[in-house]
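Q: Okay, handing you the structure first.
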Amino acid sequence: MSTETTTTTERNLRKERIGIVTSNAMNKSIVVAVERKEMHPKYGKFVKKTSKFMAHDESETGNVGDTVRIMETRPLSKRKCWRLMEVIERAK
């Protein structure tokens, strides 16, 4: 097996999330809020839950309100282990 195949296979196992940028006040970093719906265990109603991820934004293209795709990566700092893949939709 070549090294290209193993690298590609490992990369495909990385998690990807789509969320909305809530902060870009830091240098080369953004905060992305990812929303999901979970069913309440007792009442069966779907409840919105939000997780916030710190992501690396090398070119500083993410602005507040943009919808972005982030991908899991190696730890870049204490809280930052995601990186910006692409801006899906710009804020209006």
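Q: Please determine whether any residue of region 70-85 is within 16 Å of Ile20 (Cβ to Cβ) and of a type outside the set (A, V, I, L, M, F, W, C).
A: Scanning region 70-85, I find no residue that is within 16 Å of Ile20 (Cβ to Cβ) and of a type outside the set (A, V, I, L, M, F, W, C), so the answer is no.
Q: What is the number of the single condition among (1) surrounded by fewer than 11 Cβ atoms within 10 Å (Cβ to Cβ); (2) within 16 Å of the chain's Cα centre (by Cα); (3) modelled with pLDDT of 95 or more that Lys42 does not meet?
A: (2)
Q: What are the residue pairs meeting all of these: first residue in region 31-43, first residue over 30 Å from Lys80 (Cβ atoms), second residue part of a strand (DSSP E or B) and among the aromatic types (Phe, Trp, Tyr), Cβ atoms under 6 Å, and 6 or more apart or on different chains?
A: Note: pairs meeting the criteria are Met39/Phe46.
The values are calculated or read from the model by the stated rules, or taken from the named source; none is laboratory data. What you see is a predicted model; the values in this text were computed from it and never measured. Heads up, the Cβs are rebuilt from the backbone with ideal geometry, glycines too, and the neighbour counts pull from every protein chain shown.
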